[in-house]
Amino acid sequence: MKRAAHAPEDELARLEAAQLRRHRLTVEGFAAGSSRARLVLGGRTLVDFSSNDYLSLARHPQLAEAMSASARAAGAGSAASHLVSGHGTEHERLEEELAAFTRRERALLFSTGYMANLAVMGALAGRGERVLLDRLAHASLIDGARLSGAELARYAHADAAAAGRALAADAAHTVAVATDGVFSMDGDLAPLAQLAQLARGADAWLVVDDAHGLGVVGASGRGTLEESGVNAADVPVLIGTLGKAFGCFGAFVAGEAALIELLMQKARSYIYTTALPQPVAAASRKALELIQSESWRRTRLASLIERFRRRARDAQVPLGRSPTPIQPIVLGSEGAVLGAQRELEAAGLLAVAIRPPTVPKGTARLRVTLTAAHTEEEIDRLAEALGHACARLRQTGAA
């Protein structure tokens, strides 16, 4: 057998030397107690500050019961793709309820947010056309644009003026402008009102992936669009996930009926894959119900975000401009951020180091995420531990 020109061992050694090799953590269980944000790793209980379970729904008993009841009735798996025989009543009801929640004509379920973004980009753009993306748009939007065959152009992060200049450079061929609603690594919000005006002027689709906004941002949890004061006419294509604030799994695209029908007919990532299991859809329906009926979760989360930012500033921890549960602590180098992660783990806290290529070189960070399950005492412990870690890095010149 011929050996590859670049052996896997060589690439792994390069990643290790550059402190860029990733290692999985195996969660062994969840600890009981006053907080639902504690997990067990290596036999130790840690307070988890790396989860996307913003509203603390992932282990909610009502979601587990909805999933269990559906599994008893419909089985564990869907057994086929949506367009064969895998589409069930739980899927149909969830799509209808998501469409109503997002105030759209229809919604379409996907197995993952990645697949949803591939579907949208492939359906809206093609060869001879151009797609314009925020510089820090999610990898799935980038990959979807590339796979569509369209030309990919980028504008400076969250900079509406830069987006306007990039759009004006070739407005005739630009068919879509795409952005995250809440950026997953920075926690800041896209300037949706300005982008909507630009896209409308160029007769281009505005595509918003609001994976980290839906359920959390906005007075009623309807996401970045609600927070920004824009509607379905301003943002005709909305992508959401069910694995973050919803505490479940899967994703959806919401929009006008013709767009959803087009995705059903053309999106390879929808047509050629097994449908999401109905028990997952049933749990997602229960999560959507709780998101709408238990607004106290968003209220508590907002209070904890404000408390963390206040305590972190007092501890001289470098903060970004994020108003969301995502609070990046940018430390710069891979060594610095890995050292800080280890220091926090020693204090019983988990905040995972994020390094290139997930974030730009020189911006390695701890991606701290807050949830409605955290206690005030845990927030204070985190801010204090981060303060100590940052002070050590300043003393050693590593930050």
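General observations
- 3J(HN,Hα) couplings calculated from phi for the range 195-212 with the Karplus curve 6.51 cos²θ - 1.76 cosθ + 1.60 (θ = phi - 60°) are, in sequence order, 5, 4, 5, 5, 5, 4, x, 9, 6, 10, 5, 9, 10, 10, 8, 9, 3, 9 Hz; Gly and Pro show x.
- Looking at the range 125-210, the trypsin sites (Lys or Arg not before Pro) that sit in a DSSP loop and have at most 11 other Cβ atoms within 10 Å of their own Cβ are Arg127.
- For the chain, built as a Gaussian network whose Cα springs stay under 10 Å, the top-fluctuating residue of Gly42, Gly122, Gly247: Gly42
- In the list [x] 5, 22, 32, 27, 11, 3, 0; [y] 4, 16, 19, 18, 16, 12, 7, 5, 3, 1, 0; [z] 5, 21, 30, 27, 15, 2, 0, the label attached to P(r) over Cα pairs in 10 Å bins from 0, in percent as derived from the coordinates here is [z].
- Relative protection proxy for 7-13, 237-243, from highest mean packing down: 237-243, 7-13 (other beta-carbon atoms within 10 angstrom).
- Relative frequency of Cα-Cα separations exceeding 24 Å in the range 1-116, percent: 58 percent
- Once you reduce the range 314-366 and the range 106-143 to the center of their Cα atoms, the two points are 28 Å from each other.
- Here the sum of -39500 (n - 2.57) over DSSP H runs of 4 or more residues, divided by the residues of the chain, equals -13000 deg cm²/dmol at 222 nm, to the nearest 500.
- Taken one residue at a time, the phi angles of the range 366-381 give Karplus couplings (6.51, -1.76, 1.60, θ = phi - 60°) of 8, 8, 7, 10, 9, 9, 5, 7, 5, 9, 4, 5, 5, 4, 5, 4 Hz. Gly and Pro are set to x.
- Contact order relative to length of the range 61-293, as percent, for alpha carbon pairs under 8 angstrom and 6 or more apart: 30 percent
- The chain - share of DSSP beta bridges that are antiparallel (%, nearest 5): 60 percent
- For the range 1-99, applying the loop criterion from DSSP together with a ceiling of 14 other beta carbons within 10 Å to the trypsin sites (Lys or Arg not before Pro) yields Lys2, Arg3, Arg21, Arg22, Arg24, Arg59.
- Look at Lys286, Lys266 and count the other Cβ atoms within 10 Å of each Cβ; fewest to most, that gives Lys266, Lys286.
- Reachable aspartates and glutamates, given that their alpha-carbon falls under 17 Å from the alpha-carbon of Lys244 and they are not under 8 places away in the same chain: Asp48, Asp53, Asp180, Asp186, Asp188, Asp209, Asp210, Glu289, Glu294
- Rounded to 5, the percent of DSSP beta bridges in the range 61-293 classed as antiparallel: 40 percent
- Vicinal HN-Hα couplings computed from phi for the range 26-31 (Karplus, 6.51 cos²θ - 1.76 cosθ + 1.60; Hz; Gly/Pro x): 9, 6, 8, x, 10, 7
No lab work stands behind these numbers, since they all come straight from the coordinates. Since the structure is predicted, the reported quantities are computational estimates derived from the model, not experimental observations. Please note: Cβ atoms are built from the backbone with ideal geometry, for glycine as well, and neighbour counts cover all protein chains shown.
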